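Presented below is the structure to which this report refers.
The values are calculated or read from the model by the stated rules, or taken from the named source; none is laboratory data. The model shown is predicted, which means the values in this text are computed figures rather than measured ones. All Cβ positions, glycine included, derive from the backbone under ideal geometry; neighbour counts span all protein chains shown.
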Amino acid sequence: MDEEVFIPITMFVAIGVVLYQFIKARHAERMSIIDKGLNEEQLSYLLKSKKAITNSTWSLKLGAVLVGVGLAVIIGSLVPYDIQDEITTGLIFMLPGVGLLLVYKYADNKTESEQ
């Protein structure tokens, strides 16, 4: 049997595991809400505040990742040709990470100032 067959099988198994964990976590969250006995008014307040925070930082995170990848490609094209691939690959992983750290720091400061 060829080893190439295992690549799509592994991919579908990984996607299945991620979906299962997501559904399991969502179910556990809902069960904990039911156990605490929250009413609809309290529940809608919790979900609205959670969605508002998620929606506002999601676009910042996406922007930081895209800017980081773009900067990595631009900087990678400026270095000498013999090390261009290594530098570009390293920067593609490093700069979005730095951008996400900056977004985290910004969001943390924003939530502290709101409280």
Residue that is nearest to the chain's Cα centre (by Cα), among those in the stretch 1-45 that are of a type in the set (Ser, Thr, Tyr) and modelled with pLDDT of 90 or more:
20
Qualifying positions in the stretch 90-115 - more than 12 Å from residue 68 (Cα to Cα) and out of contact with any helix residue (DSSP H, G or I) (no Cβ under 8 Å at 6 or more places or on another chain)
104, 105, 108, 109, 110, 112, 113, 114, 115
What's the total number of residues in the stretch 74-93 that are surrounded by 14 or more Cβ atoms within 10 Å (Cβ to Cβ) and of a type in the set (Ser, Thr, Tyr)?
1
Scan the stretch 89-115 and report the pairs whose first residue is assigned by TED's automatic domain parsing to the domain that holds residue 64 and whose second residue is loosely packed, with under 11 Cβ neighbours inside 10 Å and modelled with pLDDT under 90, with Cβ atoms within less than 8 Å and a gap of 6+ or a chain change.
none
